[in-house]
Amino acid sequence: MYFYQPSQGHGLPHDPLNAIIGPRPIGWIASQDGEGRANLAPYSFFNCFNYRPPIIGFASSGWKDSVRNIVETKEFVWNLTTLPLARQMNETSATLPHGENEFLRAGLTPAPSRLVNAPRVAESPVNFECRLSQCIQLTGADGTAVDSWLVLGEVVAVHIDESLLEDGIYQTAKAQPVLRAGGPSAYYSIDEARRFDLVRPDARQE
C-alpha cells in the first residue's frame, strides 16, 4: 500500500485526492453582483447534501467572484454540465477581471430565472435556482482557518428539459452529464450501458 501523510506531501506527480474522490459532479455556478453583472464558473468540489429542503453546495479555494457575489446577493443558479457543453464549461474557468462576462467569453446565453435574479445557462438542460443558506470558512482539524469556503444553497426552483423525463422519471445518462476526475485535465461522462441497480436491504424487507 502506498502511504503518505498529506501534511508532509504526497510524493507523486499529482495529488491523488481528487482522483480518488471521483468522478465528481461539476458545480457550474451562475451568480451576479449587486450591480447585476453576471459571473459563471465551474467548481469541481460540488454535491447535493439534503432532500427536504433540497440543499446543494460547492467549495471554492479562495474568496472568488462566485462566493463574493453569492454572499452579497444571497442567491445563485447551478447549471448541469453536459457533454455538448464541456468545452464551454471549461472556457468559463478562465481567470477574468471582476465584472467581465464568462457567458460572453464562452458563447453562452444567460436566461432569466423565475425566483432569483441570477441568470441560468440557457443551453444547459437542467438548472437549479438557489438561495444562500450558509457560507462556511473551512478549518483544519486543529481549528486553523483554511482559505476555502463552502457555499450551501437551498434549491427553490428547478428547470428540467422535458426530453430527459420518461414516464416522469429523470434519465441521468440521457443528459450526458460531465464529471470531473483527477489530474489536471481528466473528465468523464456516463452512459446507460454502465448502469446497474441495487435494492437497499431495508427496501427488500418491505
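The values are calculated or read from the model by the stated rules, or taken from the named source; none is laboratory data. Here the structure is a predicted model, which is why all the values come from computation and not from measurement. Glycine also receives a Cβ, built like all others from the backbone with ideal geometry; neighbour counts cover every protein chain displayed.
A few notes on this one:
- The single condition among (1) modelled with pLDDT under 95; (2) over 24 Å from residue 19 (Cα atoms); (3) assigned to a loop (DSSP other than H, G, I, E, B) that residue 182 does not satisfy is (2).
- Within the stretch 36-60, being part of a loop (DSSP other than H, G, I, E, B) and free of Cβ contacts under 8 Å to residues at least 40 places away in the same chain holds for 45, 51, 52.
- Check on residue 86, hydrophobic (A, V, I, L, M, F, W, C) and without any contact (Cβ under 8 Å) to a residue 60 or more places away in the chain: no
- Filter result for residue 124 (out of contact with any helix residue (DSSP H, G or I) (no Cβ under 8 Å at 6 or more places or on another chain), of a type outside the set (D, E, K, R) and surrounded by 12 or more Cβ atoms within 10 Å (Cβ to Cβ)): no
- Yes/no for residue 54 being touching a strand residue (DSSP E or B) at 6+ places or on another chain (Cβ under 8 Å) and either aromatic (Phe, Trp, Tyr) or under 17 Å from residue 89 (Cβ atoms) (or both): no
- Only one entry in 164, 108, 150 is more than 15 Å from residue 31 (Cβ to Cβ), of a type in the set (A, V, I, L, M) and in contact (Cβ under 8 Å) with a residue 60 or more places away in the chain, namely 150.
- Unique residue being of a type in the set (Asp, Glu), out of contact with any Asp or Glu (no Cβ under 8 Å at 6 or more places or on another chain), exposed (fewer than 12 other Cβ atoms within 10 Å of the Cβ) and modelled with pLDDT of 95 or more when the list is 147, 202: 147
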